[in-house]
1. Could you list all residues from the range 145-169 that are farther than 28 Å from L109 by Cβ and touching a helix residue (DSSP H, G or I) at 6+ places or on another chain (Cβ under 8 Å)?
2. Among the helices (runs of 4 or more DSSP H) lying completely within the range 1-109, list those that include at least 3 residues that are of a type in the set (V, I, T) and on the phi < 0 side of the Ramachandran plot.
3. Assess whether G119 counts as being exposed (fewer than 12 other Cβ atoms within 10 Å of the Cβ) and either modelled with pLDDT under 95 or among the small types (G, A, S) (or both).
4. Can you tell me which residues in the range 59-87 are closer than 30 Å to I121 by Cα and at pLDDT below 95?
5. If only one of P166, P147, P195 is of a type outside the set (A, V, I, L, M, F, W, C), in a loop (DSSP other than H, G, I, E, B) and in contact with a Ser or Thr (Cβ under 9 Å, 6 or more places away or on another chain), which one is it?
6. Which numbered condition in (1) touching a residue at least 24 places away in the same chain (Cβ under 8 Å); (2) in contact with a Cys (Cβ under 8 Å, 6 or more places away or on another chain) is the only one that R171 fails?
7. On the given criteria, is A33 surrounded by 13 or more Cβ atoms within 10 Å (Cβ to Cβ), in contact with a helix residue (DSSP H, G or I) (Cβ under 6 Å, 6 or more places away or on another chain) and small (G, A, S)?
8. If the requirement is being under 22 Å from E64 (Cα atoms) and in the same structural domain as L177 (by TED's automatic domain parsing), which of these qualifies: V139, V104, V134?
Amino acid sequence: MKLYCTPGSPYARMARIVVIEKGLDGRVEVIMAKTRTVDSPYYRINPSGRVPYLVRDDGIGMEESALICDYLDRLDGKPAFQLDGLEARRLEALARSYLDGLSVWLRELYRPQNERSPGVIRHEKDRAVRLAEVWEHEVAHPVMRGPLNMAQLTLACALGIEMRMPELDWRRGHRKLCDWYAPLASRASFKATEPPQP
């Protein structure tokens, strides 16, 4: 199988972490794609140009990080990352909301200065502040403790965006969130997939 990624995508990072955590390195080839460029050869593989993108052994392509992570997790017949129940889904959705907002903010900062939207940046920054406060309390939930799961993975990849975006200050005043994040950030799979710093 081929997993197309970019080094800085937090969504692709999630899939790369699942590959490592599940020991699929020998079965899944991780390929760095060239996106956001005119006529990239990658667009012939995935017309949407998004990452991650998984081309399965049967040649069928799959897009969307949660779907890809679920597929990779089930390859050995022993899914470990997916949790049942509305509470787990609620927390994963809340983490995804945080990740999505931070990604919009980050993409805006990577645009040329004269093309950036101050309104979008302000909106996403305010959202990030509110959600960091929510997560300061939610990390105590049992779903956010114990073996690594999709809610934890999504939140950790959201927080890891700080490596590419110094403007993101989720640590100040959030000791519980910092304490929760530290052991995840030190895992080998997280270290191996750290995004490049600006």
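1. L148, N149
2. Numbers: elements: 10-21, 42-45, 65-74.
The qualifying helices (runs of 4 or more DSSP H) are 10-21.
3. The answer is yes for G119.
4. Within the range 59-87, none qualify.
5. Just one listed residue meets the conditions, P195.
6. (1)
7. Yes.
8. Selected residue: V104, the only one of V139, V104, V134 that is under 22 Å from E64 (Cα atoms) and in the same structural domain as L177 (by TED's automatic domain parsing).
The values are calculated or read from the model by the stated rules, or taken from the named source; none is laboratory data. Remember, predicted model here, so these are calculated numbers, not experimental data. Quick reminder, even Gly has a Cβ in these numbers, built from the backbone with ideal geometry, and neighbours come from all protein chains shown.
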